[in-house]
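Note sheet for the following structure.
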Amino acid sequence: MNKTTIGIVGGGNMGAAILAGIGLKFAVRVCEQDADRAGFLKRRFRAKVADLAAVASGSCIIILAVKPQNFEDVLGGLRYYVRQNQVIISIAAGMTCRYIEGRLGKKTRVVRTMPNLPAQVGEAVTGICRGKFATAADIKTARQIFNCIGKTVVVEERFMDAVTAVSGSGPGYIFYFAECLEKAARALGLTPVMARELVTQTLKGSARLLERSGEGADVLRARVTSKGGTTQAALAVFEKHKMGKIVQQALAAASKRAKELSK
């Protein structure tokens, strides 16, 4: 068995994004039951597609990239093939290390992760935590894998619901804000094409400035806000409607839901 071989169970959007990111650095096998999707993975990534038994037995690291509703069935099948010297990495929301360990047994080394949708363009951020039997080396390996699709942050598992609320669901909040900005721009008379280009580049440039400047969002926000100016006029509306409170409540709701869905 090749020590660098990674098996990916599930070739959906996130599984494919991981495959695209790690395909040049690791030998990868994929288990994908949908024939059309499997064919796409073969054509697009020249992926080696096999059944669960072959992927599990031929890999030292197994990434579970299936949807939560299919997770139980996959664990039920995987338990017959998993070995103690393998590392199981889950990207499923709400599936705790303890739950996976209990279903697979054998003191399985489990690493739980929460990547987000920008993995599709190599700009994800992935929260990572380890289970009872995983080692520091396993965390290091997980970071090497997920750094191929963006950046990683290691946390204790008790913070994974918060990670899910902030970064796991975060792209949805950004897209919603972009959607609102575009609608407002069109209401001011801009064409849909102009609105999309202005909003997209503004979000892109602002995110890059926030990353590269090393300064806090509050500092940059103050810098662009001139007293009596246009930005201050807009921010005053946000403050009037307690946007900060709304965001806090929204993340609290997402975190609470993550806890409710946890196993």
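Some notes on this structure:
Yes/no per residue for (1) out of contact with any strand residue (DSSP E or B) (no Cβ under 7 Å at 6 or more places or on another chain); (2) closer than 20 Å to GLY11 by Cα:
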| site | (1), (2) |
| --- | --- |
| SER59 | no, yes |
| LYS106 | yes, no |
| ARG109 | no, no |
| ARG112 | no, yes |
| PRO115 | no, yes |
| GLY127 | no, no |
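- So PHE146, is it buried (at least 18 other Cβ atoms within 10 Å of the Cβ), out of contact with any Leu (no Cβ under 9 Å at 6 or more places or on another chain), among the aromatic types (Phe, Trp, Tyr) and in a helix (DSSP H, G or I): yes
- Residues being surrounded by 15 or more Cβ atoms within 10 Å (Cβ to Cβ), hydroxyl-bearing (Ser, Thr, Tyr) and either over 16 Å from LYS263 (Cβ atoms) or modelled with pLDDT under 90 (or both) - total across segment 63-104: 1
- In the condition set (1) more than 27 Å from LYS25 (Cβ to Cβ); (2) surrounded by fewer than 14 Cβ atoms within 10 Å (Cβ to Cβ), ALA185 is compliant with all but (2).
- Looking across segment 23-40, the residues that are buried (at least 21 other Cβ atoms within 10 Å of the Cβ) and either assigned to a helix (DSSP H, G or I) or free of Cβ contacts under 8 Å to residues at least 24 places away in the same chain (or both) come down to VAL28, GLU32.
Yes/no per residue for (1) within 20 Å of GLY244 (Cβ to Cβ); (2) modelled with pLDDT of 95 or more; (3) among the β-branched types (Val, Ile, Thr); (4) touching a His at 6+ places or on another chain (Cβ under 7 Å):
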{"site": "GLU197", "(1), (2), (3), (4)": "no, yes, no, no"}
{"site": "GLN201", "(1), (2), (3), (4)": "no, yes, no, no"}
{"site": "LYS204", "(1), (2), (3), (4)": "no, yes, no, no"}
{"site": "ALA207", "(1), (2), (3), (4)": "yes, yes, no, no"}
{"site": "ARG212", "(1), (2), (3), (4)": "no, yes, no, no"}
{"site": "GLU215", "(1), (2), (3), (4)": "yes, yes, no, no"}
{"site": "VAL219", "(1), (2), (3), (4)": "yes, yes, yes, no"}
{"site": "THR225", "(1), (2), (3), (4)": "yes, yes, yes, no"}
{"site": "GLY228", "(1), (2), (3), (4)": "no, yes, no, no"}
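- Pair list, Cβ < 7 Å and 6+ apart or interchain, from segment 166-190 residues that are without any contact (Cβ under 8 Å) to a residue 24 or more places away in the chain to residues that are not aliphatic (A, V, I, L, M): GLU182/ARG196; ARG186/PRO192
- Residue selected from segment 41-62 under the condition small (Gly, Ala, Ser) and surrounded by 21 or more Cβ atoms within 10 Å (Cβ to Cβ), by the criterion nearest to ASP73 (Cα to Cα): ALA56
The values are calculated or read from the model by the stated rules, or taken from the named source; none is laboratory data. Note that the structure is a prediction, hence the values are computed from the model and not measured. As a convention, Cβ positions derive from the backbone with ideal geometry for all residues, glycine included, and neighbour counts pool all protein chains shown.
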